[in-house]
Amino acid sequence: MLNPRHSDDDLIAFTLIAIQSLTTGRTLPSGVRIDELDADTLVEFWADQRMERPVRPRDSR
């Protein structure tokens, strides 16, 4: 049974974080609340490497 002290938003956040962790192998720091994480940590966790394009050098001709 779900803990009634947790809101629907908490459940959704937990689910999305679990899916992202299982998909990418990345984890968030333990013992830190989500709202206490800095922007760089969140961006690194949520960044989708499939969206990054390889940088190709320009032809110098």
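Couple of notes before you dig in:
- Neighbour net charge for residue 9 - beta-carbon separation under 15 angstrom, K R +1, D E -1: -1
- Taking the average, over residues, of other Cβ atoms within 10 Å as the packing measure, peptides 26-37, 10-21 rank 10-21, 26-37 from highest down.
- With both labels modelled 7 Å from their Cα along Cα-to-Cβ, the residue 26 to residue 38 distance reads 1.6 nm.
- Summed side-chain charge close to residue 29 - residues other than residue 29 whose Cβ falls under 14 Å, Lys, Arg +1, Asp, Glu -1: -3
- Residues residue 46 and residue 6, FRET efficiency given R0 of 25 Å [Cβ-Cβ distance, rounded to 0.05]: 0.70
FYI, it's all coordinate maths here, none of it is from the lab. This is a predicted model, so every value here is computed, not measured. Note that we place each Cβ from the backbone using ideal geometry, even for glycine, and neighbour counts take in every protein chain shown.
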